[in-house]
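The values are calculated or read from the model by the stated rules, or taken from the named source; none is laboratory data. What you see is a predicted model; the values in this text were computed from it and never measured. With ideal geometry, Cβ positions are generated from the backbone for all residues, glycine too; neighbour counts draw on all protein chains shown. Areas reflect the complete protein model, heavy atoms only, side chains present, ligands, DNA and RNA absent. Shrake-Rupley method; radii C 1.70, N 1.55, O 1.52, S 1.80 Å.
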Amino acid sequence: MSSPTVPIRVVLLAGPSGSGKSSLAARTGLPVLRLDDFYKDGDDPTLPLVAGSSDVDWDSVRSWDADAAVAAVEELCRTGRTAVPVYSIATSSRVDTEVLDIRRTPLFLAEGIFAADIVARCQELGVLADALCLRGRPSTTFRRRLMRDLREGRKSVAFLLRRGWRLMRAERAIVGRQTALGAYPCARAEALGRIAAAAAGRCVRPRTARTASTARSTGTASSSGTAGTASAARTDASPAATSHP
């Protein structure tokens, strides 16, 4: 008699660009779906522009293919494998396709700056284990992001500095938006604890900052969903504009 299929679920890991999502995901040892690989190509006519500039607004969710990302998450949860694009930030283009095969692993991470934008859809599909938004000091995020982008040669130095300054000033608004979409704001240590709980099969519902605060003050965890706040914040209101994550 064959064993029953183990359901596969996803933890969505959001947070500002440079907040440490990729390094935290690697530290967990779980399979990782890189949501930033679902950016649109640089010649896509639907790409949004920064207000008052000719720069593409890569921090707007409209620069990203949410439908393709959700389809990949759903297929991974249903079959354990999916074809995903390989995206080059330096050339702003998809350069290849590869197969992500997580086999029978019951939990995987999907990380990227737009992860919070698909919380509601993953909830509707019944595949969401948790949704997190990494947060920290804006100045620390600025330094981490700039060092990474310079090391990887993502864009010109002047461009990266302009973008970094805008993102640093907008960071609290970015975290607020992702929280309103249903991602629970936390630092690295708490994020690791919640991911470990999800991997152990303990149900941890995504909570907004308001429900988290209420739970702490009453000593109980909120069991209410986040669909209302998610729907209110789903419209793109990119608080910062300019390059890739």
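Worth a mention:
- Compactness of the stretch 92-132 as Cα Rg over 2.2 N^0.38 Å, two decimals: 1.41
- The stretch 1-154 - convex hull of alpha carbons, volume per residue in Å³: 126 Å³
- This model, with +1 at the C-beta of Lys and Arg and -1 at the C-beta of Asp and Glu, gives the stretch 1-80 a dipole about its Cα centre of some 580 debye.
- Using C-alpha pairs under 8 Å with a sequence gap of at least 6, the mean separation divided by the residue count of the stretch 8-63 gives a relative contact order of 19 percent.
- Cα gyration tensor category, rounded, prolate or oblate, for the stretch 1-82 with a/c compared to 1.5: oblate
- Within the accessible area of the stretch 1-146 (1.4 Å probe), percent carbon and sulfur: 49 percent
- Counting only the Cα atoms, the stretch 42-120 fills a convex hull of 107 Å³ per residue.
- Cβ-based charge dipole, the stretch 1-58, positive-most Cα from 28, 15, 38: 28
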